[in-house]
Amino acid sequence: MKTKLLKILFIINFAFLASCATGGKEQKAAAKSASYLLRGVVHVSDDDVRIKTGSITIFIDPVNGLEADLVRKSGMTAPDLILITHSHSDHFQSLVIKDYLKLNPQAVVVGPADNMYIS
């Protein structure tokens, strides 16, 4: 669900930007506004999304560790909130979460009870 929503947002954003590329002043202003909606969102991999909004950093299903190129480039390595959708290994890696919690021990981890064991 989350991945589909994010993909839909990306498609809408890029389609809107493309339609505004040759438009007038109002269309260009609207395109700039639409781009702003996705500022601070990093789609690291299929099921790993990071969001930086103000001073809060949110990780959704962080399965890529600190060594991943896009993780390093994004600078999003210390989460304030980690959201886990379910316990499949493509959404939940306890060792990866443990590494991120070392960087911010006060981070809150939220998810279903069946995957809240972080070894």
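Just so you know, all these numbers are worked out from the coordinates, no wet-lab data involved. Nothing here was measured: the structure is a model prediction, and the numbers come from that model. Quick reminder, even Gly has a Cβ in these numbers, built from the backbone with ideal geometry, and neighbours come from all protein chains shown.
Once you list every other residue whose beta carbon is under 13 Å from the beta carbon of Glu67, what net charge do they have if Lys and Arg are +1 and Asp and Glu are -1?
Once all neighbours under 13 Å are counted, the net charge is 0.
If the segment from Asp114 to Thr53 were pulled out straight at 0.36 nm per residue, it would be longer than the present Cα-Cα gap by 19.1 nm. Distance between the pseudo-spin-label points of Asp90 and Gln106 (7 Å out from Cα toward the beta carbon): 3.6 nm. Straight-line reach from Lys52: which aspartates and glutamates have Cα under 13 Å away, leaving out those fewer than 8 places along the same chain? Excluding near neighbours in sequence, the set is Asp80. Summarising the amide proton neighbourhood of Thr57: residues at separation of 5 or more, or on other chains, whose placed amide H is nearer than 5 Å comprise Asp80, Leu81. Using θ = phi - 60° in the Karplus curve 6.51 cos²θ - 1.76 cosθ + 1.60, the 3J(HN,Hα) couplings for the stretch 87-102 round to 8, 4, 5, 7, 10, 9, 10, 4, 5, 5, 5, 4, 4, 5, 5, 5 Hz; x is entered for Gly and Pro.
Distances between placed amide hydrogens fall under 5 Å for Val109 paired with Ile82, all partners being 5 or more residues away or on another chain.
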